[in-house]
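The values are calculated or read from the model by the stated rules, or taken from the named source; none is laboratory data. What you are looking at is a predicted structure, and each value in this text was computed from that prediction instead of being measured. Heads up, the Cβs are rebuilt from the backbone with ideal geometry, glycines too, and the neighbour counts pull from every protein chain shown.
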Amino acid sequence: MADVGSAAVPSLSEITAWDTTHLENAARDWTATAKHWESSFTSIHQAAVAPGGTAWEGAAAEAAQGATLADLVKVRGWADVLHESAAVARHGASTLLHAKQNVLYAVEDAQAAGYSVNEDLSVTPPPEAGEAGEAQAQTYATNIHGRATQLAAHDKEIAGKITTATAPLHHVGFADDEERGDPTIQAVDSHTGPEQHYKPQTDIDPRNPFVGDERFGHWVQVVPPPYVGSSPPPPWTGHHPLEGVPTRPAGPSGFYVPGGQPWADDNAPPFAYRTEQYKFRISGEDYTGYTRMVNGHQQQWVQYTYEARRFTQDNIAGPAWAPKGPNQVTGELGGVMTGGLSAINPPPRIYPWHPITPHEIATLSAENPNATYYIPNGCGGQFTFNGGVPTGGIQPPPKVPSMIAAD
């Protein structure tokens, strides 16, 4: 029997039962809480600006509006922390599922070759394998143990990242009235409390409008402290496939005529025409070179990659002619009868999944403005593309247009 030492790694049964539901639930709850906070405090501020739908002016109005705006700005900051924490949890769940599956693949390889994998991840060769079997068992055990160690390391790292991401929420609170300033009547031009400016963010890269849009990806901490040295290492860039992790595609678009219906009369379609529909799914994540600083920590944009599946349907709408004999009972003369062929349409053709970028999805949507495309959002939900524009889901905040120099 081959063993690889007594390093603290999970047992085979623990790996098999490894669950990430707590991370998925946390991501869902944090996202829902953030949206609730933002909605509630936005409504409070709007009520201070126009209570009952009527504009409110004057010194008291300015004081109330300034206070509610200050609260709204704070809440938006806390909501950002929740959104970022949710993104860390979602990515952590994906990473752990991928690492778990890697261990189980190695276990399956050993078992398929006739070797037994024990609870402590040691491997026993079949009796007839001899010395060569002992050596191969050692190789299998080393591989399985290494992958299990990586799973445990990922779990510890993700726990640390979540602790760091949620740390700003440990000191949540609002300033009291004294800190806000005196809300009593003052001169018209006076201001109460520190002046607040909530400005939209600037586009990171106008060529990639999907950066920062959390329907298409999420921000992650590059390297949360503590780290070796005086500064964090540069962020890793590359692709992380979701191989072995089940992905659920979004709903189908429904069949439509590509490019729009070319005939004017709905009651007189052509003899035959083709329709198509699409499904989309997330295939992996790209760790991009886009970064930002939040609360002194560097964050990196991780963008989802997608695959599309196309379905085509050939529709036959024209009539068919067939001879018709005379009816001797009714005296009806023979001739020709006609009828539609729509009932004999061939089955749809289903194409294999193929990679597609968000820009290509947007172009496809712009070319087919009457179709609705459903895109998975990485949290088990979906949003849509209509007329080349993403709609629904978590809307990104307004952005100031920016320009970059030509290459």
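Quick notes
- Set Ala79, Ala165, Ala113: member being free of Cβ contacts under 8 Å to residues at least 40 places away in the same chain and either among the charged types (D, E, K, R) or surrounded by 14 or more Cβ atoms within 10 Å (Cβ to Cβ) (or both): Ala113
- Selection from the stretch 71-94 of residues that are out of contact with any Asp or Glu (no Cβ under 8 Å at 6 or more places or on another chain), more than 19 Å from Ser39 (Cβ to Cβ) and either among the small types (Gly, Ala, Ser) or not in a helix (DSSP H, G or I) (or both): Gly92
- Some residue of the stretch 389-397 being closer than 30 Å to Leu169 by Cα, modelled with pLDDT under 85 and loosely packed, with under 15 Cβ neighbours inside 10 Å: yes
- In the stretch 216-246, the residue that is farthest from Asp80 (Cα to Cα) out of those that are at pLDDT below 70 and surrounded by 15 or more Cβ atoms within 10 Å (Cβ to Cβ) is Val245.
- Residue satisfying all of: in the stretch 116-140; of a type in the set (A, V, I, L, M, F, W, C) and closer than 25 Å to Leu151 by Cα; surrounded by the fewest Cβ atoms within 10 Å (Cβ to Cβ) among these: Ala135
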